[in-house]
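*Asks:* Following this message is one structure expressed as structure tokens.
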Amino acid sequence: MLHSMTSEPEQQIGVGTKDAFQRLWTPHRMAYIQGENKPTGPGADDGCPFCSIPGKSDEDGLVVARGEQVYAVLNLYPYNGGHLMVVPYRHVADYTELTGPETAELGELTKQAMSALRTASGAHGFNIGMNQGTVAGAGIAAHLHQHIVPRWGGDTNFMPVVGHTKILPQLLADTRKMLADAWVVG
């Protein structure tokens, strides 16, 4: 575990052959890998982060926009800068469990998210989808959430392909403010 953060290079004995490459360490990802902030069970009272986020301020919860049935929040472990999720307030696991108004507002906030991302960051395209169930890749399967991942021409470079590392050029708090300022309802 890191006890202090430094931007100074540190000699790492035994990490391989000395070469021309810099190592990019992302220790914050270890929290996700180790299951930090994941629910202890399937219920809303089992530590579901999607149930607790609406009770926080927009800044503390990384909430970009709030509707009556659903809200838009930045992903704490994003695939790309600006990676949003649209989440129903109600604790449901499956898309088929949504009510008509929840389904409609989920679609509307997805459209608004796309517009905000285009305005704020010039996104060229999007990956949009839901992972239904743990076997389908849902990190938090007990609470439905739809991913909206902005994409840009050339955003898949050698880092994610070869280095299995994603470079995010902006802090999440700054991204949240940028998108909230660009969000247009309607």
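*Asks:* Filter region 110-124 down to the residues that are touching a Lys or Arg at 6+ places or on another chain (Cβ under 8 Å) and surrounded by 17 or more Cβ atoms within 10 Å (Cβ to Cβ) and list them by number. Give the derivation first.
*Replies:* Restricting attention to region 110-124, the residues satisfying the condition of being touching a Lys or Arg at 6+ places or on another chain (Cβ under 8 Å) are 123-124.
The answer is ALA123, and nothing else.
*Asks:* How many of the residues making up region 119-139 are in a helix (DSSP H, G or I) and touching a residue at least 12 places away in the same chain (Cβ under 8 Å)? Step through it out loud before you land on a result.
*Replies:* Keep residues of region 119-139 that are in a helix (DSSP H, G or I), which gives 119-121, 134-136.
Still in the list and also touching a residue at least 12 places away in the same chain (Cβ under 8 Å): 119-121.
Residues flagged as in a helix (DSSP H, G or I) and touching a residue at least 12 places away in the same chain (Cβ under 8 Å) within region 119-139 amount to 3.
*Asks:* Next up: Would you pick out the residues in region 56-80 that are under 19 Å from GLU105 (Cβ atoms) and either among the aromatic types (Phe, Trp, Tyr) or open to solvent by 30 Å² or more (accessible area, probe 1.4 Å) (or both)? Walk me through it before giving the result.
*Replies:* In the first step, residues of region 56-80 are kept if they are under 19 Å from GLU105 (Cβ atoms); the result is 58, 61, 63-74.
Answer for region 56-80, where residues must be under 19 Å from GLU105 (Cβ atoms) and either among the aromatic types (Phe, Trp, Tyr) or open to solvent by 30 Å² or more (accessible area, probe 1.4 Å) (or both): ASP58, ARG66, GLU68, GLN69, TYR71.
*Asks:* Considering each residue of region 68-123, count those that are under 13 Å from ILE148 (Cα atoms) and polar (S, T, N, Q), and give that number.
*Replies:* Count: 5.
*Asks:* In addition: Among the residues of region 156-174, are any buried (at least 16 other Cβ atoms within 10 Å of the Cβ) and modelled with pLDDT of 85 or more?
*Replies:* no
*Asks:* How many residues, within region 81-98, are more than 24 Å from VAL135 (Cα to Cα) and either of a type in the set (Asp, Glu) or open to solvent by 20 Å² or more (accessible area, probe 1.4 Å) (or both)?
*Replies:* Initial filter on region 81-98 (more than 24 Å from VAL135 (Cα to Cα)): 81-82.
Filter once more, so that each one left must be either of a type in the set (Asp, Glu) or open to solvent by 20 Å² or more (accessible area, probe 1.4 Å) (or both): 81.
Selection size over region 81-98: 1.
*Asks:* Among the β-branched types (Val, Ile, Thr) and either farther than 17 Å from PRO39 by Cβ or at pLDDT 95 or above (or both): does that describe THR96? Explain how you work it out, then say what you get.
*Replies:* Details: among the β-branched types (Val, Ile, Thr): yes; either farther than 17 Å from PRO39 by Cβ or at pLDDT 95 or above (or both): yes.
Criteria met by THR96.
*Asks:* Picking from VAL86, VAL73, VAL92, which residue would you name as being touching a residue at least 40 places away in the same chain (Cβ under 8 Å) and assigned to a strand (DSSP E or B)?
*Replies:* Numbers: VAL73 fails: touching a residue at least 40 places away in the same chain (Cβ under 8 Å); VAL92 fails: assigned to a strand (DSSP E or B).
The conditions single out VAL86.
The values are calculated or read from the model by the stated rules, or taken from the named source; none is laboratory data. Note that the coordinates shown come from a computational prediction; the quantities given were computed from them, not determined experimentally. A quick note on method: Cβ atoms are made from the backbone with ideal geometry, for glycine too, and the neighbour counts reach across all protein chains shown. Calculation scope for accessible area: heavy atoms of the full protein, side chains included, ligands and nucleic acids excluded. Shrake-Rupley method; radii C 1.70, N 1.55, O 1.52, S 1.80 Å.
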